1. Among the residues that make up the stretch 46-55, is at least one of them in contact (Cβ under 8 Å) with a residue 12 or more places away in the chain and within 11 Å of ligand 1 (Cβ to nearest atom)?
2. I need a count of the residues in the stretch 150-189 that are more than 15 Å from ligand 1 (Cβ to nearest atom) and of a type in the set (Val, Ile, Thr).
3. Inspect all residues belonging to the stretch 237-251 and state whether any of them is under 30 Å from ALA65 (Cβ atoms), not assigned by TED's automatic domain parsing to the domain that holds VAL89 and not small (Gly, Ala, Ser).
4. Cβ contacts < 6 Å: first residue more than 10 Å from ligand 2 (Cβ to nearest atom), restricted to the stretch 178-190; second residue at pLDDT 95 or above, any location; separation 6+ or different chain. Result?
5. Which one of these is within 16 Å of ligand 2 (Cβ to nearest atom), touching a strand residue (DSSP E or B) at 6+ places or on another chain (Cβ under 9 Å), charged (D, E, K, R) and in a helix (DSSP H, G or I): ASP208, ASP222?
6. Could you tell me which of the residues ALA45, ALA62, ALA72 is among the small types (Gly, Ala, Ser) and in a helix (DSSP H, G or I)?
7. Output the residues belonging to the stretch 142-177 that are of a type in the set (Asp, Glu) and either surrounded by fewer than 18 Cβ atoms within 10 Å (Cβ to Cβ) or within 16 Å of ligand 2 (Cβ to nearest atom) (or both).
Amino acid sequence: MRTALVIGTGLIGTSAALALTQRGVVVHLVDHDPEQARTAAALGAGTDGAPEGPVDLAIVAAPPAHVAAVLADAMRRGAARGYVDVASVKGGPRRELEALGLDLTSYLGSHPMSGREKSGPLAATGDLFEGRPWVLTPTRDTDTEVLNLALELVSHCRAVPVVMDADAHDRAVALVSHMPHLVSSMVAARLEHAEEAAVRLCGQGIRDVTRIAASDPRMWIDILSANPGPVADLLSDVAADLTETVEALRSLQSSDEAKRRDGTAGVEDLLRRGNAGQVRVPGKHGSAPRVYETVAVLIDDQPGQLARIFADAGQAGVNIEDVRIEHATGQQAGLVQLMVEPRAVPVLTAALRERGWALRQ
Ligand SMILES: NC(=O)C1=CN([C@@H]2O[C@H](COP(=O)(O)OP(=O)(O)OC[C@H]3O[C@@H](n4cnc5c(N)ncnc54)[C@H](O)[C@@H]3O)[C@@H](O)[C@H]2O)C=CC1
Ligand SMILES: O=C(O)C(=O)Cc1ccc(O)cc1
């Protein structure tokens, strides 16, 4: 691929454009808000403004409700040899395009399974998709050339291509993205009017559970409106678990010992099913889940502390697989949790202690 056109230069469009530009593709950036395209260009994602003639690949990264119309417009203009979109839902846009009577051989629906709770070009990074699945939904009619262009896009973004049927994709993302998003919002909504004294106690657990609740509601209304059935089915299963758990907890308040035993069994059942589901979540880069151990280090909230820890771990020959940082409210300190292979724990703890770091359990 030598040239590309990104239509919709927000978080996803600009991230893809940055990756393509870094691999030498000439990228044109357009957005219905020209300011967004200018910002993306200023970030080094390409050149703002439409190209003179057709490009190799047009990438539509507008909100899901606009995807079909934007694609239809680009296809009618003959803007590219191949067309992909990156919308979070795949069945709806394809059906809309079919209804418009367009020839869909040059179109391939796609969805990078990576994003952030922030929007717009300023949140974009060229490595956003690295190691993450990127779903492609070709049909029997998709041109091989277009499939190859899409595979090239995925490869330039260092993502992992996954081929799926559009409706199977929509059911899968209802489970791993859309339903969890709503549950995250429901947990976060409990905090809105909570007392400050309680909110101050927030730790890493609630941060993990509520991170995606910070996302732009307009985008998510679009996404959920395009996939309501599968999400409603899953939420109704969650609602059944909620009802059972409430009943189990009420039983735990009972003075009758047999009822309390039932209550414990009910809660335990949910927690064990949770354990069984959690171990199925793939590890980083989409690989099989791995069990890492955590080495916790207390740091002062000063510039350069993290870089020093990483350098010290590197000098000890230890690979840091993942990292989390917990900030204690109102204190100039934080707890850095370094996730490493179990066999690296003694090496890392010895090296960090030797260099004067305060380790915590
Ligand atoms: N945010 C995320 O984490 C992920 C989002 N997606 C999908 O990527 C697409 C873009 O999402 P984001 O980049 O997050 O949104 P964003 O809000 O950061 O960017 C969307 C951009 O599209 C522009 N736009 C809106 N209507 C347009 C139109 N008719 N023509 C041209 N440009 C138009 C907006 O001005 C904005 O710059 C959506 O379809 C979304 O479902 C896919 C994977 C992850
Ligand atoms: O931030 C996360 O963990 C996400 O899961 C982001 C995300 C949001 C929307 C998508 O269509 C795909 C991925």
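The values are calculated or read from the model by the stated rules, or taken from the named source; none is laboratory data. Note that the structure is predicted; figures quoted are calculated from it, not measured. Cβ sites come from the backbone with ideal geometry, for glycine too, and all protein chains shown count toward neighbours.
1. Taking the stretch 46-55 first, the residues in contact (Cβ under 8 Å) with a residue 12 or more places away in the chain are 46-51, 54-55.
Right, trim to within 11 Å of ligand 1 (Cβ to nearest atom) and you get none.
There is no residue in the stretch 46-55 that is in contact (Cβ under 8 Å) with a residue 12 or more places away in the chain and within 11 Å of ligand 1 (Cβ to nearest atom).
2. The number of residues fulfilling the criteria is 3.
3. Applying the first criterion (under 30 Å from ALA65 (Cβ atoms)) to the stretch 237-251 yields 237-239.
From what is left, the residues that are not assigned by TED's automatic domain parsing to the domain that holds VAL89 are 237-239.
Still in the list and also not small (Gly, Ala, Ser): 237-238.
Within the stretch 237-251, one or more residues are under 30 Å from ALA65 (Cβ atoms), not assigned by TED's automatic domain parsing to the domain that holds VAL89 and not small (Gly, Ala, Ser).
4. What qualifies is MET179/VAL231; MET179/LEU234; MET179/LEU235; SER185/ALA213; VAL187/VAL209; VAL187/THR210; ALA188/THR210; ALA188/ALA213.
5. None of the others qualify; the one that does is ASP208.
6. Numbers: ALA45 fails: in a helix (DSSP H, G or I); ALA62 fails: in a helix (DSSP H, G or I).
Answer to the check: ALA72.
7. Going residue by residue through the stretch 142-177, those that are of a type in the set (Asp, Glu) are 143, 145, 152, 165, 167, 170.
Scanning the stretch 142-177 gives ASP143, GLU145, ASP165, ASP167, ASP170.
Residues are listed down the side, and each one gets a yes or a no for (1) more than 17 Å from THR9 (Cβ to Cβ); (2) away from ligand 2 (no atom under 13 Å from the Cβ); (3) in contact with a Phe, Trp or Tyr (Cβ under 7 Å, 6 or more places away or on another chain); (4) not charged (D, E, K, R):
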{"site": "MET75", "(1), (2), (3), (4)": "yes, yes, yes, yes"}
{"site": "ALA80", "(1), (2), (3), (4)": "no, yes, no, yes"}
{"site": "TYR83", "(1), (2), (3), (4)": "no, yes, yes, yes"}
{"site": "VAL89", "(1), (2), (3), (4)": "yes, no, no, yes"}
{"site": "ARG94", "(1), (2), (3), (4)": "yes, yes, no, no"}
{"site": "TYR107", "(1), (2), (3), (4)": "yes, yes, yes, yes"}
{"site": "GLY120", "(1), (2), (3), (4)": "no, yes, no, yes"}
